[in-house]
1. Ignoring ligands, DNA and RNA, what percent of the accessible area of the stretch 1-104 is carbon or sulfur (1.4 Å)?
2. Using 0.36 nm per residue of separation minus the Cα-Cα distance, give me the extension gain between Glu290 and Glu352 in nm, one decimal.
3. Give the accessible surface of the stretch 382-493 per residue, rounded to a whole number of Å², with probe radius 1.4 Å and ligands, DNA and RNA excluded.
4. Quickly estimate the mean residue ellipticity at 222 nm for the chain, helices only: each DSSP H run with n ≥ 4 gives -39500 (n - 2.57), and the total goes over all residues, rounded to 500.
5. Given the Cα-Cα distance of His246 and Asp282 and 0.36 nm per residue of separation, how much length would full extension add, in nm?
6. With all protein chains present, how much of the accessible area of the stretch 300-371 (probe radius 1.4 Å) comes from carbon and sulfur, to the nearest whole percent?
7. Got a sec? Charge dipole of the stretch 131-198, +1 on Cβ for Lys and Arg, -1 for Asp and Glu; which of Pro161, Gly151, Phe175 is way out at the positive end?
8. Run through every distinct alpha carbon pair of the stretch 35-100 and return the Kirkwood hydrodynamic radius in angstroms, one decimal place.
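The values are calculated or read from the model by the stated rules, or taken from the named source; none is laboratory data. On a predicted model such as this, the values are computed, not experimentally measured, just so you know. FYI the Cβ positions are ideal-geometry reconstructions off the backbone, even for glycines, and counts take in every protein chain you see. Only protein heavy atoms, including side chains, enter the accessible area calculation; ligands, DNA and RNA are left aside. Shrake-Rupley method; radii C 1.70, N 1.55, O 1.52, S 1.80 Å.
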Amino acid sequence: MQISGAQMVIEALIKEGVDTVFGYPGGAIMNVYDEIYKQDGFKHILNRHEQASIHAAEGYAKASGKVGVAMITSGPGFTNAVTGLADAYMDSIPLVVISGQVPMSLIGTDGFQEIDAIGISRPCTKHNYLVTDAADLPRILKEAFYIARTGRPGPVHVDIPKDITAQIAEFDYDFALELETYKPHVKGNPRQIKKAIDAIANAKRPLFYLGGGIINANASDEVRKLVQITGIPAVETFMARGVLSHEDALLIGMLGMHGSYAANMAMSETDLVIGLGVRFDDRVTGKLSEFAKNADVIHVDIDPASISKLVHADYPIVGDLKNVAGDMLSQVDKINSDKYETWRDTINNFAELHPLTFHEDTQRIKPQWVVKRVGELLGDDANISTDVGQHQMWAAQFYPFSRPRQFISSGGLGTMGFGFPAALGVKAASPEKTSINFTGDGSILMNCQELMTAVEQKIPVINIILNNNYLGMVRQWQTLFYDKRHSETDLSVQPDFVKLSEAFGGIGYRVNTKEEFDAALKDAVEKNVVAFIEVIVHRLENVMPMVPSGGSLFNMMLLEKKETK
Ligand SMILES: Cc1ncc(C[n+]2csc(CCOP(=O)(O)OP(=O)(O)O)c2C)c(N)n1
Ligand SMILES: [Mg+2]
């Protein structure tokens, strides 16, 4: 059929099964918004900032496992979205982001709201397109969705000049894609898998190092079985929280800069790292030359470029983890789980020596308590998003995650302002669960305009603001490494968070005691509207353990044995 470029966008989204689009209109994308007005194939959610639209699409994608979609205008609309694109790229989140561009005749003229969008998005997207003929749109959109969700997932940006959205051309979406140079390798090499299994069977102290790629590949069931049958202990990265249940006795905990003592020591003592869907990020490895020094490395990943990029892989396996873990499962009878009993005991001793814990305080609520308490009260019934800072690390350390896609946070880019809009997307994707965003007094102000989106769309996200009157994580580094010179991190001057929420039509609570917190959370869940729960927490609490930047994983600063404050 002959339709306009703008109509093609709508048709393609519907054919791709998209049910929710996050976005913000403007001049260059108006033809597409005119078609959005006329259709009822999907819901459009109007955020109040383009950055929030991308983060909402990320939250939606992470919670649902589907491709998230966002729509924005040219110039400032696009530049506002760049942080979100970079965030999605770092965390391998599948997105299709469609932006308007000035008409073809104005490109390169410094036209009104013109910016070289694909020039800017190139280093922070998996792939991008500038559409120069409406006849190309069906193919480009189909490729965009395919590239976003396959292989190592990531954001794909499609920039469409305004005249192209008005141009009439033939639309046909029922064709097979032919991508000569893009063929993700999904099946692991059987010889390599066999070698890896033999290495595991011969190892004395093997360790599963589980990463976010497992969640992207929907391979958590297979990985849970692998861990259970082999009896091999496992550590999770920040991005892999929920791959194993907190109840799994073989889960040692999170490793890395703020990982548990036992997890970091296990990684330092293992003789065989079994890395699944990981990328050896510096926040995980610490000083590379001393990372897992005595170990051979099995590295399974869908992205060949990430293998042996930072740590040499003795057993490289390129493939989709669902397949590879499945293939490994079919050979695990070679592995005798009893063999690792001494190793498990060693690790349990590490955990007993320095358990992941915190000291209570008689004066003020400790932020860690809040996270644990939400876990006790809501547990599996909640999806947990976070902003960035200390509260984020406490959420990752202390929430009892029980399933993949329960924890949604900005890992690679560490984007303050991510949490609230992401939690909106999570709630849109997963309305049956309570959507909690753990945030800080700094971060929440970076996208608090989303209160309006939440109120208008009736998306009841509960934002728990762990208010320490500081840019706490930066303050922590200043305390520890800059001789307590707290340069520009004191947030004593603050808005009234309760009134802020109320000004938009949400509800707000200020909480000083544990009893007040329980009552506020219960009330917010019952009222089922967007909420701010501001918890006044201990100001000078530090996230521990901590591997100082660039230090070795086994050299951790630890929680002081006795509270001195
Ligand atoms: C957009 C952005 N700007 C700056 C930073 C650097 N940064 C990391 S954590 C942090 C402090 C966050 O403060 P808050 O939200 O109050 O969380 P807290 O650490 O106090 O829990 C800052 C400024 C960042 N990660 N993102
Ligand atoms: Mg703070």
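1. Numbers: 1630 of 3140 Å².
Here it works out to 52 percent.
2. Working: separation 62, 0.36 × 62 = 22.32 nm, distance 2.43 nm.
Result: 19.9 nm gained on full extension.
3. On the way: 3410 Å² over 112 residues.
It amounts to 30 Å² per residue over the stretch 382-493.
4. That calculation yields -10500 deg cm²/dmol at 222 nm.
5. 10.5 nm
6. C and S fraction of accessible area: 48 percent.
7. Working it through, the farthest residue towards the positive pole turns out to be Gly151.
8. Its Kirkwood hydrodynamic radius stands at 12.1 Å.
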